[in-house]
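The values are calculated or read from the model by the stated rules, or taken from the named source; none is laboratory data. If you're wondering where the values come from, they're calculated on a predicted model, not measured in any experiment. We place every Cβ from the backbone using ideal geometry, glycine too, and count neighbours over all the protein chains shown. Heads up: the accessible areas ignore ligands, DNA and RNA and are worked out on the full protein's heavy atoms, side chains in. Shrake-Rupley method; radii C 1.70, N 1.55, O 1.52, S 1.80 Å.
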Amino acid sequence: MKKIATDKAPAAIGPYSQGIVAGGFLFASGQIPINPENGQIEAQGIEAQAEQVMKNVGAILSAAGTDYTKVVKTTCFLADMEDFAAFNSVYEKYFTEKPARSCVAVKTLPKAVLCEVEVIACVGE
């Protein structure tokens, strides 16, 4: 197993890694819209928060030597299912290969953000 750590994505805010590569796959921890440069939530609204989340996901993918085209599964968490269409408008710009996905609404996300995304991606193919 190899731990993934990059300063281009937010540091873990708990006892976990940004990602782990094992068995040819990256298992990335869920990303919320924290600006990695200052550790703050600056983005307002679902579209802006989703964009920051995707940038954070992309940084972890890159640090693991892979990219969005190699993502095989995503899990998306929304604070409000009313944001589903707006979230999808951002999501589809990044996940062009249409990986398998689960998307659920949850009661609360860390730091009261509007969305969180975790991914599993192939590495080294």
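Its relative contact order, with pairs defined as Cα atoms under 8 Å and 6+ residues apart, puts the chain at 32 percent. The equivalent ellipsoid of the chain has semi-axes of 22, 17, 12 Å, largest first, where each one is the square root of 5 times an eigenvalue of the Cα gyration tensor. Measuring nothing but protein heavy atoms, the accessible surface of the stretch 8-125 at 1.4 Å probe radius is 53 percent carbon and sulfur.
Build a GNM of the chain with springs between Cα atoms under 10 Å apart, and of K70, K107, K98 the one that fluctuates most is K107.
In deg cm²/dmol and to the nearest 500, what is the mean residue ellipticity at 222 nm of the chain if only DSSP H runs of at least 4 residues count, each as -39500 (n - 2.57), divided by the residue total? Please report the intermediate quantities before stating the final value.
Numbers: 2 runs with 29 residues, N = 125.
Result for the chain, helices only: -7500 deg cm²/dmol.
Modelled label positions at C103 and E82, each set 7 Å beyond Cα in the direction of Cβ, lie 1.7 nm from each other. Dipole orientation for the chain: of the candidates T74, M1, Q49, M1 has the Cα lying most toward the positive pole (charges on Cβ; Lys, Arg +1; Asp, Glu -1). Annotation for T75 and E47: the two label points, set 7 Å from Cα along the Cα-Cβ direction, are 2.9 nm apart.
Given a 1.4 Å probe and the protein chains as shown, T96 ends up with an accessible area of around 80 Å².
Calculate I(q)/I(0) for the stretch 59-125 by the Debye formula, one identical point scatterer on each C-alpha and no solvent, and give its log10 at q = 0.15, 0.16, 0.18, 0.26 Å⁻¹ to two decimals. For the stretch 59-125 at q = 0.15, 0.16, 0.18, 0.26 Å⁻¹, log10 I(q)/I(0) is -0.50, -0.56, -0.70, -1.16. For the chain, the per residue solvent-accessible surface stands at 52 Å², with DNA, RNA and ligands left out and a 1.4 Å probe. Reducing the stretch 19-43 and the stretch 52-125 to their Cα centroids gives an inter-centroid distance of 10 Å.
Can you give the charge dipole size of the chain about its Cα centre, rounded to the nearest 20 debye, using +1 on the beta carbon of Lys and Arg and -1 on the beta carbon of Asp and Glu? Intermediate results must be reported in sequence, preceding the final value.
Details: 11 positive and 14 negative charges, 90 e Å.
Using Cβ point charges on Lys, Arg, Asp and Glu, the chain gives about 440 debye.
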